[in-house]
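Have a look at the structure below, then the notes.
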Amino acid sequence: MKDYIKLIPQLSGESGLEKIQETAVYYDNCGADELFYYDAKSFAEGEEEDVKTIQAICRNVDIPLNVFAKVKRFEDVKKMIYAGAKRVIIKTDGQDNLDAVREASERFGADRVYLYMEYDTEHVSLEESLIRARTAVEEEGFGGLVLAGDYMDEDYAKTADFLAVKMRVPVFIMAETTDAAVVADLLKMSMESGLIFADRGEAGDITAGTNHFLKQIDCMEMKQYLKEQKLPVNTFESAICFEDFKLISFGIIPVFAEDYKTTAVLKLAYKTRESFEKTVATGKMTYYSRSRQELWTEGETSGHFQYVKSLTLDCDNDTILAKVAQVGAACHTGNYTCFFKELVRKEYDDRNPLAVFEDVFATILDRKEHPKEGSYTNYLFDKGIDKILKKVGEEATEIVIAAKNPDSEELKYEICDFLYHVMVLMAERDITWKDITDELAQRH
């Protein structure tokens with residue numbers, strides 16, 4: 001992929017878990033390229049990062065998460081990466097945690113461990129700060145740098161030139177603003193001084209981050225502004241021109257909207273050229289109303305937006321399939337999908353194997369949150385981790401014994417018992433099926 005500037009909003013650990021998750025999903029849907037997560041206590045007091053918060057964010061979004069942390073041991077970095085963090089951005093204290101950095105860099109790769117640098121020219125010269133950063137990156141195992149400070153001053157160009165030419169590593173620039181014009185000015189200064197697209201060898205993309213404490217912004221909207229300013233950003237671009245679509249009467253093309261995770265068909269509607277172009281520009285599904293003869297964006301009045309994940313044209317160029325992230329209900333009746341009036345039906349087995357695992361696991365989680373008298377699942381939770389582990393071990397042994405029997409029925413039964421107890425263990429240790437499938441996919 002060609003070089004482009006990434007917009008990376010920051011999530012504050014002071015917001016509370018529910019608000020953090022809600023904000024993370026919003027930014028994922030509205031076009032952010034990655035996310036930063038920062039807990040002020042982690043930097044100020046050296047406390048261990050809230051791993052559960054990292055897990056919760058990663059389970060709810062598809063874009064990478066970068067975590068700021070003041071770590072002391074390799075185990076601190078490992079927990080965050082295992083929780084789903086793409087990178088851990090570390091603030092150093094002399095030599096206290098450099099051993100942890102080196103070990104994490106060797107174990108997970110230098111691209112997973114970045115240095116956080118915030119210089120104060122009143123106490124330390126700019127040259128000295130940059131030399132320290134360069135030494136840390138080149139000698140201590142850091143794969144990149146996150147740079148924080150006042151970069152609109154006269155030293156900015158000098159800083160950018162030094163980083164781009166001397167360090168040859170990815171660099172994030174923190175811009176504490178929600179104003180697209182200010183971000184554009186900052187990025188233009190970066191490009192003019194060689195920071196964004198300097199000759200970096202194999203260092204990879206140098207990116208720009210945006211730090212949003214004041215309000216949530218629409219990243220697609222900001223990207224369109226940056227694009228108008230001739231800045232390279234990651235936006236939707238249609239691979240086929242609208243002129244090549246086969247349209248029906250009134251110059252429209254039918255569109256099926258489908259939930260990108262469940263594949264449930266949500267809606268059939270229509271697009272004109274204008275509504276198609278608006279959808280591509282905003283990342284939100286915009287349709288054409290044949291009855292009103294006007295454009296309408298799904299969710300504009302209800303808040304139930306459809307955020308685009310992909311648009312695909314069929315073999316005849318006459319129908320579009322849109323995979324979307326649906327907020328709330330897709331139908332004006334309040335139903336999740338517009339297709340809910342069953343006309344005829346023949347009995348068939350429509351069970352999705354993966355959905356069965358999720359359904360059973362959801363029941364186990366519900367028992368954990370809402371105990372039920374006489375429930376065997378609650379009995380295991382009450383007895384604690386040792387009892388759960390004992391049962392997992394016993395069921396694993398039962399599988400081995402059953403596998404020696406030519407009849408596979410007993411083996412299927414024992415595997416089901418084993419999987420159930422493993423899911424109880426997962427619930428006890430706050431692990432989900434998504435965590436497992438993500439790990440398997442990464443290994444594959």
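Specify the residue that is most open to solvent (accessible area, probe 1.4 Å); the eligible residues are those in segment 82-103 that are within 24 Å of Asp438 (Cβ to Cβ) and at pLDDT below 90.
Step one: list which residues in segment 82-103 are within 24 Å of Asp438 (Cβ to Cβ), which gives 82-90, 103.
Still in the list and also at pLDDT below 90: 82-84, 89-90, 103.
On the way: Tyr82: 141, Ala83: 6, Gly84: 37, Ile89: 0, Ile90: 0, Glu103: 89 Å².
Per the stated criteria, the residue is Tyr82.
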Inset, instruction - Assess whether Ile364 counts as being surrounded by 10 or more Cβ atoms within 10 Å (Cβ to Cβ), touching an Asp or Glu at 6+ places or on another chain (Cβ under 7 Å) and among the aliphatic types (A, V, I, L, M). - result: no
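Determine, yes or no, whether Ser310 is among the small types (Gly, Ala, Ser), over 25 Å from Met222 (Cα atoms) and in contact with a Leu (Cβ under 9 Å, 6 or more places away or on another chain). First the steps, then the outcome.
On the way: among the small types (Gly, Ala, Ser): yes; over 25 Å from Met222 (Cα atoms): no; in contact with a Leu (Cβ under 9 Å, 6 or more places away or on another chain): yes.
Against the criterion (among the small types (Gly, Ala, Ser), over 25 Å from Met222 (Cα atoms) and in contact with a Leu (Cβ under 9 Å, 6 or more places away or on another chain)), Ser310 does not qualify.
Residues that are open to solvent by 40 Å² or more (accessible area, probe 1.4 Å) and of a type in the set (Val, Ile, Thr): does segment 367-383 have at least one? Talk me through it step by step, then tell me what you get.
We begin by selecting, within segment 367-383, every residue open to solvent by 40 Å² or more (accessible area, probe 1.4 Å); these are 367-374, 376, 379, 382-383.
Narrowing further to those that are of a type in the set (Val, Ile, Thr): none.
Looking for residues that are open to solvent by 40 Å² or more (accessible area, probe 1.4 Å) and of a type in the set (Val, Ile, Thr), one finds none in segment 367-383, hence no.
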Inset, instruction - May I ask you to list the residues in segment 215-244 that are open to solvent by 60 Å² or more (accessible area, probe 1.4 Å), among the basic types (Lys, Arg) and part of a helix (DSSP H, G or I)? - result: Lys227
Inset, instruction - May I ask you to list pairs of residues, at least six apart or on different chains, whose Cβ atoms are under 9 Å apart, with the first in segment 319-333 being over 23 Å from Val25 (Cα atoms) and free of Cβ contacts under 8 Å to residues at least 60 places away in the same chain and the second being of a type in the set (D, E, K, R) and open to solvent by less than 10 Å² (accessible area, probe 1.4 Å)? - result: none
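Which is among the aromatic types (Phe, Trp, Tyr) and open to solvent by less than 50 Å² (accessible area, probe 1.4 Å), of Tyr260, Tyr288?
Step by step, each of Tyr260, Tyr288 is checked, and only Tyr288 is among the aromatic types (Phe, Trp, Tyr) and open to solvent by less than 50 Å² (accessible area, probe 1.4 Å).
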Inset, instruction - Tell me which residues, restricted to segment 385-400, are in contact with a helix residue (DSSP H, G or I) (Cβ under 8 Å, 6 or more places away or on another chain) and loosely packed, with under 13 Cβ neighbours inside 10 Å. - result: Ile385
Inset, instruction - Please indicate, with yes or no, whether at least one residue in segment 339-348 is surrounded by 14 or more Cβ atoms within 10 Å (Cβ to Cβ) and either hydrophobic (A, V, I, L, M, F, W, C) or out of contact with any Gly (no Cβ under 9 Å at 6 or more places or on another chain) (or both). - result: yes
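The values are calculated or read from the model by the stated rules, or taken from the named source; none is laboratory data. None of these values were measured; they are calculated from a predicted model. Ideal geometry is used to build each Cβ from the backbone, glycine not excepted, and the neighbour counts take in all protein chains shown. Ligands, DNA and RNA are excluded from the accessible area calculation, which covers all protein heavy atoms including side chains. Shrake-Rupley method; radii C 1.70, N 1.55, O 1.52, S 1.80 Å.
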